[in-house]
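The next block holds one structure in the form of structure tokens; read it before the comments.
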Amino acid sequence: MEEFQVSPSEMTGETQQQEATPAPWGWHSQLPSEYRESKALKKFPDGAEGLGKFIKSYGELEVLLGKKGALPSAGVPEKPDGYKLPDTVLSDGRTLDKAKFQDVIHKAGLSPEQASKLWGEYSGLLGQHVQSEATAERNNKQDYQEKMNNVVGELRQEWGEKYDDHINAGQMVINKFTPDQESNDALTAALCSSVAGVKFLAEIGKQFQENSIGSFTQTRENFSDAQSELDSLTGDMTSAYWNSDGKHSKAEHDKAVARVTALQMKLYQKGQE
């Protein structure tokens, strides 16, 4: 009887087939690509045991987030005043309202660290705005002063000793024919800041004086009251002149600017006498 024989090659293939084992099961590869490289995910092994730990961890997190006031790690205070932000005083003397600010950020759920950074940015931007306004105002005053120096210098050289008479005559024209103080200020600011405007008013005043038309009594303005009013308008940062809080209309702001300009004109003229 012939013996059954198996070739070495057939034996090797059978042995390899019996010894082959399936690749280990993994769950990382089943996730979307954007999650596979997550550092948090790498804490859990890519196997059944790791998946079980991941599910357990996720369940514990859900329980934590589901509890009332369960965000202690974020540090959000229970009440807005818990942020304890520092008081901030701007260069114009105003104190920022941190209470309202804290209400807003508390509703947004910001942490104390985030709130502190945002408060600093907010305060800094407002501070820059106030300084910018103050710089612009100083520049405007300097420009106005230089302009008036040129106007007065030219007219004094031309009119000599008659300067005060001409100026008073021009101002009386404005006082007589403007219906209210607002119109008076606007016309004074518009005409008395140029040589041509002052000459125009002076010539009209001269004609009225010579022809005695209407009551044209020369009166002096109370310059002490004018200075007090000017200080009040420009010293109050919440006034319509500054309108730093945006609560005044453009018409109110323009009216205040015209009044300040008129007062500056009158006081400047007084200082030149």
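Throughout, read-outs are computed from the coordinates displayed, never taken from laboratory work. Treat the numbers as computed from the prediction; the structure is a model and nothing was measured. Neighbour counts run over all protein chains shown; Cβ positions are idealised from the backbone, glycine included.
Is the shape of the range 136-272 best called rounded, prolate or oblate, per the rule: a/c under 1.5 gives rounded, else a/b larger than b/c gives prolate, else oblate, with a ≥ b ≥ c the square roots of the Cα gyration tensor eigenvalues? In terms of gyration-tensor shape, prolate.
Relative to 2.2 N^0.38 Å, what does the C-alpha radius of gyration of the range 80-123 come to as a ratio? Two decimals please. Rg over 2.2 N^0.38 Å, computed on Cα atoms: 1.10.
At a Förster radius of 51 Å, what calculated FRET efficiency corresponds to the Cβ-Cβ distance of residue 183 and residue 111, to the nearest 0.05? With a Förster radius of 51 Å, E is 0.35.
Counting only residues at least eight positions apart within a chain, or on another chain, the lysines with an alpha carbon under 25 Å from that of residue 84 are 68, 98, 100, 107, 117. How large is the translational diffusion coefficient of the range 103-167 in µm² per second when you combine the Kirkwood radius over alpha carbon pairs with Stokes-Einstein at 20 °C and 1.002 mPa s? This corresponds to a translational diffusion coefficient of 132 µm²/s. Which distance in nm do the two modelled labels at residue 104 and residue 154 give, with both placed 7 Å along the Cα-to-Cβ direction? In this crude label model, residue 104 to residue 154 measures out at 4.9 nm.
For a straight C-alpha distance cut-off of 16 angstrom, the lysines reachable from residue 56 (same-chain residues fewer than eight places away being disregarded) are 42, 43.
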